[in-house]
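**Q** First the structure, which I've put down as structure tokens, then a few questions once you've had a look.
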Amino acid sequence: MHLEVQPKSLFRLLNQIFELERKATRLADGENVLRQVRRMKELFEEDFQLTYEDPTGQPFNETRTDVEARLAGDSAENLVIVETLKPVIRFSHGPTSSIVQKGIVVAGTRTEQP
Amino acid sequence: MSNKTINFGIDLGTTNSVIAKFDQGQVEVFKNPSGHKETLPSVVGFRKERILVGDKAREFLLTDPKSVVATFKRKMGTTESFSIESLGQSKTPVELSALVLKELKGFIHSGESLDAAVVTIPASFDTVQSNATKQAGQQAGIKQVVLLQEPIAASLAYANKKSKSLKAGSWLVYDLGGGTFDVALVRIVADGELKVVDHEGDNYLGGADFDQLLAEKVLVPRLEREGQFDNLLPELKSRSGRWNALWEKLLFQAEKAKVELSHATSAEVDLATKDDSGETIDAVFEITRSEFENLVQPLVDKTVEMVRTILTRNSLQPSDLQFILMVGGSTLMPFVRKRVEECAGVPVACDIDPTTAIAIGAAYFAAGKQVEEIANAGQAPSAAKLHVKAVYQKATRETEEMFNAKVSGQWQGCFFRIRRQDGGFDSGIKELRERISEDLPLVADSYNIFRFEVLGPTHERVLCDFESIQIAHGKYSVAGQLLPEDICLQIDFTDTGEARLDLLAQRNTLLPARSKKTYTVNRTILKGAAEDALHLIVKEGSADDLPESTKTVGYLQLTGRQLTRDLPKGTDIEVKLEISESRDLTFTVYVEACDQEFREVFAPTFREVPTQTLAYESRCLLEKVDDEITTAVDLDNFESAEELKHLKKRVTDLEKEAAKLTPDDSTDDRYKLEDEKRRCAAEVGRLTKGKRFDTERRQFEEMRDRCELLVGEHGNDRERKHLDELLKRESYVLESGNARRLEELTEQLSTLAFTVLRRVPEFLQSRFQHFASQQPKMNDQTQARSLVEAGRLAVAQQQWEKLDEINIALYHLLPSRDQQEAVKQGFTGIVK
């Protein structure tokens, strides 16, 4: 069987796994689900060299081009990523990697999101 | 005129800009090297000495409006300028447009220079505005700028897509972008020329308004029903509002739903947030296509009204139009196409990519335009070659590294830019100076390759001898080799005078490396005395092993003859070790008392083995083996004792052979014997490892129990916390079986215990009584007497802090031999 997989389909799947992981984390007994999520992530890494990153909590400034940010609040300084709407997806090739999907994030000051 | 055609087409849009090139019958739309998008937001920002153009600038548009400018195209040809707070000056729309054009030049991956281009302008632009656009092109280094109206460009793209000529007659170009709307009536006039006959537009109507409506009218009311919110909409929309971050998220979700509704009859919005009372809302809202269409219909109808206005103004019936050509990203919405077709009564043409059509059309037009001679003749000489001397860590475990460089050559008026190859970092365009620096964020456990570019005044690439920055993070170490073994200094152990190793540079440290430590001189070296010496022996091998089992990689002897004054026992020497990438060891000793520095470079190819040292170490090793045999027998460890006896024969032979060597022995015997000595010492270490660890363990347990008791009874919160931290390491250190680590932990406990003890009156009194009994021996009798009297008074008045100070002063009056009573004389003459 010859099955051709489009990279964008894989990115879409990874975005869904990211959502799944996020929801399972919020569940009180989400560990069972998270185990499968981790396995899926490993499969993506082994078979397609694709991994995703959740940059929530990381500092944000104008030199970060791995994410597209929607800035909240009225301050443009000392920003952090307060929420990740889409993760950063990387494709590894040997010891280096490329960003194949920029993350989409909301950045603001730490106190922005109650 | 030359035979060369212009070929480059640029859509310098109000909201977004695009660059394309005609090449052998095809048009290629260039992509932004960062993110690979075909469109570049026409937004310019000036933040922290950087020029940002495009997506990054747009992100800061709302939060930093005093430094970021957008929609400046609307002001082209006016005297208005934009005040930029961070620069302390204003920028004209022409200057800002030039920056967008310069950025687009960077999209040309083929490396061609952009000397000539067709740049599009709205149909509404007058002569002054057109000239201003031309000027922007020239400021960007484009010597020949040919202007083309946007509706004409779109029409050309359409004609080429359909691969047939446009029929004589009229049509409309309907351009609904992200933030603006334009409609133009285009006609082929008698001589076959395309002409924009009329136009209408709204500078504040586009796809972003649809997103906002969906968020405001659908998502927000549903959110209010799911949770408890007070004054939600104002709190969402205000930049200082409590829920402003959620508003940005709602806008993103609305845009996503809008795109989904272009090809599905319903879309789901998945929202998780908290409400005013802190309750979590985890909801999925379904939006149907009809719901969305009802919502945006008034806005779409507004555009249809403008279409009708044009028709009425030009006395046209819908049947007079061949088609309405749909361009602009928002025309991808099926509802827009359907509504326009229904209301205007004219078929819509949706055959071209609406986001790039104008640039593509401009490129087709450019293919038929010849480059004027002036464009090449007037070419500026390329900037002189620049030399960049860069300094940065090539391998690191830090999350970011500082890049520093010194630039020589004609750098004035130039800029630089650093971009990470994976697309995750862009420094923006920064002014080039003689010395530059930039913090480079790194991807963990990966090679980080950055492209360094120097740009000329019009942002053209300038020749430079430095192009790439490579930093290995984490597990990779090819950018710098690692130290294969510990590098240590041999010192005397104060308790026994035995030699031991003190770590200077740890194994696996990334080279180049440096370290600095202070040691105490443990014997007085008299000025001029040849026989008095400090022996600084640098060793390579595990710091946990016996010194004899490690290799000597450097040796520096300091005799009294080299000193300008006496070096008293107890004074400090500062030892500095630098290890180059090629493992040259530069060893520097600074003798504080004499203000003298001694420096030695130990090349790795040269093995220093003084015969005197070898003989001494062999003798010590033999004594050690004897001691270990006695101890093993005492402990009934006959197996080890037997093995040690076998070993003793080897060491005895070694000691005899070493003693025979003269200092100037020219054979390689000294090296052979040194190897044998290391092998024997390693064997001693192996056979006695358990014993050493057991001894350390007993001392540790004793100190731990003592410390727990003291801290429990007399310690403060900080000391209790410190003790907890030290004891957390106990199991790890015990499991490691490493005697040195255990010894270090014991020392730390001992320091803590002593700190606590210095507040315990009984301890202070007993210490004072001891010092008072030593008074006759003290160096300055008058001072000693006065201190003892003051001490007695402090005891009587229970002034414990004062007594502690007196104790310290009395300690320093003791002769140094009494300060370190138990110290035996070692070989090196230095201790920690």
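**Q** Can you check what the net charge comes to around B:V589, using other residues whose Cβ is under 9 Å from the Cβ of B:V589 (Lys, Arg +1; Asp, Glu -1)?
**A** Its environment carries a net charge of -1.
**Q** Using the charge dipole of the stretch A:7-108 (Lys, Arg: +1 at Cβ; Asp, Glu: -1 at Cβ; taken about the Cα centre), state which of A:P95, A:V105, A:V37 has its Cα farthest towards the positive end.
**A** A:V37
**Q** In terms of Cα to Cα distance under 21 Å, which lysines are near enough to B:K274, apart from those fewer than 8 places away along the same chain?
**A** A:K23, A:K86, B:K217, B:K237, B:K249
**Q** When every alpha-carbon pair in the stretch B:207-320 is counted, what percent end up more than 20 Å apart?
**A** Cα-Cα pairs of the stretch B:207-320 separated by over 20 Å account for 49 percent.
**Q** Next question, about the same structure. Report, ordered by chain and residue number, the aspartates and glutamates lying within cross-link reach of B:K143, taken as a straight Cα distance under 19 Å and ignoring same-chain residues fewer than 8 apart.
**A** B:D11, B:E95, B:E103, B:E112, B:D115, B:E372, B:E373, B:E460
**Q** So what's the gap between the Cα centers of the stretch B:198-236 and the stretch B:518-578, to the nearest angstrom?
**A** 77
**Q** Based only on other Cβ atoms within 10 Å, what is the fewest-to-most ordering of B:D182, B:D694, B:D353?
**A** Lowest to highest Cβ neighbour count: B:D694, B:D353, B:D182.
**Q** May I ask for the angle, rounded to the nearest 10°, between helix B:781-796 and the longest principal axis of chain B, with both axes built from Cα atoms and the value confined to 0 to 90°?
**A** Approximately 70 degrees, to the nearest 10.
**Q** Cα to Cα, under 19 Å, and not fewer than 8 places away if on the same chain: which lysines meet these conditions relative to B:K195?
**A** Straight-distance partners of B:K195: B:K164, B:K167, B:K369.
**Q** So, one more: What do you get for the angle between helix A:7-26 and the principal long axis of chain A? Use alpha-carbon atoms, 0 to 90 degrees, nearest ten.
**A** Taking Cα atoms only, the helix is inclined about 60 degrees.
**Q** Whole Å is fine, so just give me how far the alpha carbon centre of the stretch A:13-87 lies from that of the stretch B:666-742.
**A** 44
**Q** Ordered by residue, what ³J(HN,Hα) values in Hz, to whole numbers, does the stretch A:29-41 give under the Karplus form 6.51 cos²θ - 1.76 cosθ + 1.60, where θ = phi - 60° and Gly and Pro are x?
**A** Along the stretch A:29-41, the couplings run 10, x, 4, 4, 5, 4, 4, 5, 4, 4, 5, 4, 4 Hz.
**Q** A further question follows. Determine, for B:H473, B:H646, the number of other Cβ atoms within 10 Å of each Cβ, and report the residues in order from fewest to most.
**A** If I rank by nearby Cβ atoms, fewest first, I get B:H646, B:H473.
**Q** Can you give the Rg/Rh ratio of the stretch B:74-183, where Rg is from the C-alpha atoms and Rh is the Kirkwood radius?
**A** My calculation of the ratio gives 1.03.
**Q** Distance from the Cα centre of the stretch B:245-301 to that of the stretch B:36-90, in angstrom?
**A** So the separation of the two Cα centres works out to 30 Å.
**Q** Report the far tail of the P(r) of the stretch B:487-608, meaning the percent of Cα-Cα pairs longer than 21 Å.
**A** Roughly 38 percent, once rounded to a whole number.
**Q** Shifting gears a bit: Starting with the fewest neighbours, write out B:I188, B:I281, B:I358, A:I89 ranked by other beta-carbon atoms found within 10 Å of each beta-carbon.
**A** Arranged by neighbour count, lowest to highest, B:I188, B:I281, B:I358, A:I89 become B:I281, B:I188, A:I89, B:I358.
**Q** To continue, here is another question. What net charge is computed for the residues neighbouring B:A363, neighbours being all others with C-beta under 14 Å from the C-beta of B:A363, Lys and Arg scored +1, Asp and Glu -1?
**A** Neighbour charge sum, excluding B:A363 itself: -4.
**Q** Taking DSSP loops as anything outside H, G, I, E and B, show the longest stretch in chain B free of GluC sites (Glu not before Pro) there with at most 16 other beta carbons within 10 Å. Don't jump to the answer; show the numbers that get you there.
**A** Numbers: sites that count: B:E49, B:E80, B:E85, B:E112, B:E193, B:E279, B:E398, B:E434, B:E467, B:E531, B:E581, B:E608, B:E821.
So the longest stretch without any such site is B:609-820.
**Q** Something else now. Taking chain B as the reference, fit the longest principal axis to its C-alpha atoms, fit the long axis of helix B:800-813 to the helix C-alpha atoms, and give the angle between the two in degrees, 0 to 90, nearest 10.
**A** So the helix axis and the longest Cα principal axis differ by about 60 degrees.
**Q** With charges set only on the Cβ (+1 for Lys and Arg, -1 for Asp and Glu), what does the dipole of chain B come to about its Cα centre, in debye to the nearest 20?
**A** On the way: 110 positive and 133 negative charges, 411 e Å.
Here the size comes out at about 1980 debye.
**Q** While we're looking at this one, here's another question. Once R0 is set to 56 Å, what does the formula 1/(1 + (r/R0)^6) return for the Cβ-Cβ distance between B:T524 and B:S468, expressed as a FRET efficiency to the nearest 0.05?
**A** It comes out at approximately 0.50.
**Q** Sticking with this one: Would you please name the trypsin sites (Lys or Arg not before Pro) within the stretch B:166-232 that are DSSP coil residues with at most 13 other C-beta atoms within 10 Å of their C-beta? List each step's numbers first, then the result.
**A** Details: sites: B:K167, B:R187, B:K195, B:K217, B:R222, B:R225; in loops: B:K167.
In loop regions of the stretch B:166-232 (DSSP not H, G, I, E or B), the sparsely surrounded trypsin sites (Lys or Arg not before Pro) are B:K167.
**Q** Kindly write out, for the stretch A:91-100 in residue order, the coupling ³J(HN,Hα) from the Karplus curve 6.51 cos²θ - 1.76 cosθ + 1.60 (θ = phi - 60°), rounded to whole Hz, with x marking Gly and Pro.
**A** 10, 8, 9, x, x, 10, 8, 10, 7, 9
**Q** Let me ask you something else. Using unit Cβ charges (K, R positive; D, E negative) and no other charged atoms, how large, in debye to the nearest 20, is the dipole of the stretch B:391-460 about its Cα centre?
**A** Value, rounded to 20: 200 debye.
**Q** While we're on this one: Which ³J(HN,Hα) values in Hz, rounded to whole numbers, follow from the phi angles of the stretch A:70-80 under the Karplus curve 6.51 cos²θ - 1.76 cosθ + 1.60, where θ = phi - 60° and Gly and Pro get x?
**A** Coupling constants for the stretch A:70-80: 10, 8, 10, x, 10, 10, 10, 10, 6, 8, 10 Hz.
**Q** Going 7 Å from the Cα of B:R720 along its beta-carbon direction, which residues of the stretch B:743-765 have the amide nitrogen within less than 17 Å of the resulting point?
**A** It comes to B:753, B:756-757, nothing else.
**Q** Which whole-number percentage describes the relative contact order of chain B, with Cα contacts under 8 Å and a sequence gap of 6 or more?
**A** The normalised contact order for chain B reaches 9 percent.
**Q** Would you mind computing, in nm to one decimal, how far apart the modelled labels at B:T630 and B:Q228 are, each placed 7 Å from Cα along Cα→Cβ?
**A** Simple spin-label model gives 8.2 nm for this pair.
**Q** Still on this model: Expressed as a whole percent, how much of the Cα-Cα distance distribution for the stretch A:7-108 exceeds 22 Å?
**A** Numbers: 1857 of 5151 pairs.
Percentage above 22 Å: 36.
**Q** Given the rule -39500 (n - 2.57) for each run of at least 4 DSSP H residues, summed and divided by the residues of chain B, what is its mean residue ellipticity at 222 nm, to the nearest 500 deg cm²/dmol?
**A** The helix-only estimate for chain B comes to -12000 deg cm²/dmol at 222 nm.
**Q** Continuing with this model, one more query. Kirkwood Rh over Cα pairs of the stretch B:391-460 into Stokes-Einstein at 25 °C, 0.890 mPa s: D in µm²/s? Before the final figure, lay out the partial values.
**A** Details: Rh = 12.9 Å.
For the chosen part, D equals 191 µm²/s.
**Q** Give me Rg/Rg_expected for chain B, where Rg uses Cα atoms only and Rg_expected = 2.2 N^0.38 Å with N residues.
**A** Rounded to two decimals, the normalised Rg is 1.45.
**Q** So if I place +1 on the C-beta of Lys and Arg and -1 on the C-beta of Asp and Glu, and nothing else carries charge, what would the dipole magnitude of chain A be about its Cα centre? I want it in debye, nearest 20.
**A** For chain A, the charge dipole is close to 220 debye.
**Q** May I pose another question? Taking every DSSP beta bridge that has both residues in chain B, what percent is antiparallel when rounded to the nearest 5?
**A** 85
**Q** Please compute the modelled spin-label separation between A:N78 and B:C343, points set 7 Å along Cα→Cβ, answer in nm with one decimal.
**A** Going by the 7 Å Cα→Cβ label model, 4.9 nm.
**Q** Just to be sure I follow the definition: excluding the sites themselves, where is the longest run in chain A that has none of the GluC sites (Glu not before Pro) in a DSSP loop with at most 13 other Cβ atoms within 10 Å?
**A** No qualifying site falls inside A:5-76, the longest such stretch.
**Q** Projected onto the charge dipole of the protein assembly as shown (+1 at Lys/Arg Cβ, -1 at Asp/Glu Cβ, origin at the Cα centre), which of B:P441, B:M326, B:F285 gives the Cα projection farthest towards the positive end?
**A** Most positive-ward Cα: B:M326.
**Q** Summing Lys, Arg as +1 and Asp, Glu as -1, what charge do residues with Cβ under 14 Å from the Cβ of B:A632 carry, B:A632 excluded?
**A** Charge balance in the 14 Å sphere: -3.
**Q** Once Rh is set to the Kirkwood radius over Cα pairs, what Stokes-Einstein translational diffusion coefficient, in µm²/s, holds for the protein assembly as shown at a temperature of 37 °C and a viscosity of 0.692 mPa s?
**A** Result for D is 94 µm²/s.
Throughout, read-outs are computed from the coordinates displayed, never taken from laboratory work. Model, not experiment: these values are computed from the prediction. With ideal geometry, Cβ positions are generated from the backbone for all residues, glycine too; neighbour counts draw on all protein chains shown.
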